[in-house]
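Right, one structure below, let's go through it.
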Amino acid sequence: MRRAHTMAFGSEIVADTVRFRLWAPTAKDVALVVDGADHPFPAVGEGWREATVPGVRAGARYGFRIDSDLVVPDPASRFQPEDVSGPSEVIDPQAFAWTDADWTGRPFEEAVIYELHVGTATPEGTYAGLEKRLEDLRDLGVTAIELLPIADFKGSRNWGYDGVLPYAPDAAYGRPDDLKRLIDRAHALGLMVFLDAVYNHFGPAGNYLHAYAKTFFTERHQTPWGAGINFDGRESGHVVRQYFLQNALYWLEEYHFDGLRFDAVHAILDDSERHFLAELGETVRERLPDRHIHLILENEANQARWLERDAAGTPRQHSAQWADDLHHCWHVLLTGEDAGYYESFSDRPVEHLARCLSEGFAYQGEPFKTLGDHPRGEPSAHLPPSAFVTFLQNHDQVGNRALGERLSHLTDGDKLALARAGFLLAPQIPMLWMGEEWSASTPFLFFVDFAPDEDLNRAVREGRRREFKSFAAFADDTSVIPDPTEAKTFADSKLDWSERERSPHREVLADTTHLLRLRREIVVPLTTTRYLGATASLPRPDVVDCTWRFEGGSYRFVANVGTEPFAADLRGGRVFWTNAPDESGALPGWTGLFLSGAEA
């Protein structure tokens, strides 16, 4: 049986007692409050306070009274039944009866990821509701689900990126055992479960660390959310680093997650000799050597250094990075949009697409317009395709649009069919955004709930509309932008699973299922062998031709994203997918093909 996670932070049941521990270096006085009664909470050195209280059981509610005034929750709380400002609950991590003792995960090359938001993925908006859909996802061909952040946030609805208690799964979705039951069931069905973790900032409401641990943050580093987290502080950096390192291990050990996706790591600012990201990846690898653990980065800087492999091809630190560049190429080609970061991909989108497919990053040190022509990225051609998670949509690319439109609302269905095959059958790790498999009609909108703090709700609402005022479509009227603080905005974002049975959604679902079967039967047997390299060319400015070589064989993708027909030389390969009228290699506009056994 796997052990529960043990750590220096928070509460821990020890026999018939509970040990409570808090790091409060800038508080003058701290009292422990358990079920309404105050207990002494003595200092034990270096900012730590600790007490063991007999007779306390799982289910007890507790907090910490700071300087005889404010009662705060445990920053390492395992559960907050009354939201972020209420008392923490003592949880017995050994109480759940796991059935996945033989589960060690799956190789990353087998991963087909399904990103989802628990609150809107099902009508129930809970872990239990999601559990009912796991068999549908397995039958689709998905092998991993990735949950948007679930760390406790203020209010009843949120994307999750405003979390303030990283160890507490939010009560809006169920209790801790409900989450464990979801993961246990997923493992029984052969599905991995990943979690999105946010280590670059805390949300704007419900973070009490400033009241007793001011040195957790530093003005030396500034982020889009204010003062940076103090990963490299001379006196406090070790504790801060451990807080997040232990959090990663906690989710992997106590909840049996198979991997973590780390949000916006370019905003984790650290001048230490050993960067926190290096310590994070190496610590997890050392701690859990006998499981398939997958660590995924979101990193606008395109730093290949975190994705390096050893001689056996095993990740030294992190498994993969979200391949934003490839998404941007496809998006520009499909929609013609060229605002914001799309501007850096709009002049040579097919050339950029070819480089992404064959090398990973489109920008590997070249000037990037969106950054004022400053260089972006590092060389990545030496990395295997499994170092990149690809997608046509994700929560950001849909939800950060003013009206939350999905790609199926923005482009022609035939064009989207080519792009769908182009990323699901390419050797990189594909990720679907919930509902994408049937071109769901529902939007995914930006939503929050900071009630009863109406000032903060108003600031979010006005900020959202101010953000889009510069867009031509909303310059004269921003009232059409849904209010992110209204419950209706959240409700409108919920998937309607019954759509899958109706046209045209039924046909898109069948196509996605077919593509994932081809991936499982043809692509994965190749990608699980040693990667030998790739080549890409542009036989015409609007045609991409890419071949990937593995020890188990090679395969090729040719796509015509122009309007004039193109005749592809098949060179003896066997076509295993095409949306062209036949398999001769004659490709009208916006058609393509995949061939196995083909050489460049």
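The values are calculated or read from the model by the stated rules, or taken from the named source; none is laboratory data. Since the model is a prediction, treat every value here as computed from it, not as a measurement. Don't worry about glycine lacking a Cβ; one is built from the backbone with ideal geometry, like all the others, and counts go over all protein chains shown. Accessible surface areas use protein heavy atoms only, side chains included; no ligands, DNA or RNA. Shrake-Rupley method; radii C 1.70, N 1.55, O 1.52, S 1.80 Å.
What is the calculated FRET efficiency for D347 to R466, with r their C-beta to C-beta distance and R₀ = 30 Å, to the nearest 0.05?
After rounding to 0.05, the efficiency reads 0.50.
Can you send over the carbon and sulfur percentage of the accessible area for the chain, probe radius 1.4 Å, protein chains only?
Details: 11370 of 22740 Å².
With neighbouring chains kept in place, the figure for the chain is 50 percent.
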> Rounded to the nearest 0.05, what FRET efficiency do T528 and D139 have when you use their Cβ-Cβ distance and R0 = 22 Å?
Replying inline: 0.50
>> Let me check against my output: what whole-number percent is the relative contact order of the stretch 171-234, with C-alpha pairs under 8 Å and at least 6 apart?
In response: 20
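Which order do you get for Y127, Y531 if you rank them by accessible area with a 1.4 Å probe, largest at the top? The partial results should precede the final answer.
On the way: Y127 0, Y531 40 Å².
Descending order: Y531, Y127.
Probe radius 1.4 Å, ligands and nucleic acids left out: which of D152, D310 has the largest accessible area, and how do the rest follow?
Details: D152 0, D310 55 Å².
The ordering from most to least exposed comes out as D310, D152.
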> Using a 1.4 Å probe, how large is the accessible area of K132, given in Å² and rounded to the nearest 10?
Replying inline: 140
> Which option, [x] -0.28, -0.38, -0.80; [y] -0.46, -0.59, -0.96; [z] -0.32, -0.44, -0.89, is the value of log10 I(q)/I(0) by the Debye sum over Cα atoms at q = 0.06, 0.07, 0.10 Å⁻¹ that was calculated from these coordinates?
Replying inline: [z]
>> So if each residue of separation counts as 0.36 nm, and I subtract the Cα-Cα distance between H409 and T335, what length gain in nm does that give?
In response: 25.6 nm
> Is the stretch 166-257 rounded, prolate or oblate when judged by the Cα gyration tensor, a ≥ b ≥ c being the square roots of its eigenvalues, rounded requiring a/c under 1.5 and prolate requiring a/b larger than b/c?
Replying inline: prolate
> Using alpha-carbon pairs under 8 Å, 6+ residues apart, how would you state the relative contact order of the chain in percent?
Replying inline: 11
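Determine the per residue accessible area of the stretch 390-453 with all protein chains present and a 1.4 angstrom probe, expressed in square angstrom. Can you show the working numbers first?
Numbers: 1370 Å² over 64 residues.
Dividing the accessible area of the stretch 390-453 by its residue count gives 21 Å².
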> Any idea of the accessible area per residue across the stretch 108-176, 1.4 Å probe, to the nearest Å²?
Replying inline: 23
> If one computes the Cα centroid of the stretch 312-334 and of the stretch 75-93, what distance in Å separates the two points?
Replying inline: 36
> Which of the GluC sites (Glu not before Pro) found in the stretch 46-100 are in a DSSP loop and have at most 13 neighbouring Cβ atoms, other than their own, within 10 Å?
Replying inline: E46, E82
> Pulled fully out, how much extra length does the chain show between D92 and D69, if you take 0.36 nm times their separation in residues and subtract their Cα-Cα distance?
Replying inline: 5.4 nm
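Taking the DSSP beta bridges in the chain as the whole, what percent of them are antiparallel, to the nearest 5? Show your work: numbers first, answer last.
Values: 65 of 90 bridges.
Antiparallel: roughly 70 percent of the beta bridges in the chain.
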> lysines near K154 by alpha-carbon distance under 23 Å, same-chain residues fewer than 8 away left out - which ones?
Replying inline: K180, K214, K488, K494
> Of T17, A101, P87, which is farthest on the positive side of the dipole of the stretch 1-116, counting Cα position, with +1 on Lys and Arg Cβ, -1 on Asp and Glu Cβ, and the Cα centre as origin?
Replying inline: T17
> Considering only protein heavy atoms, what is the solvent-accessible area of D139 at a probe of 1.4 Å, reported in Å² to the nearest 10?
Replying inline: 100
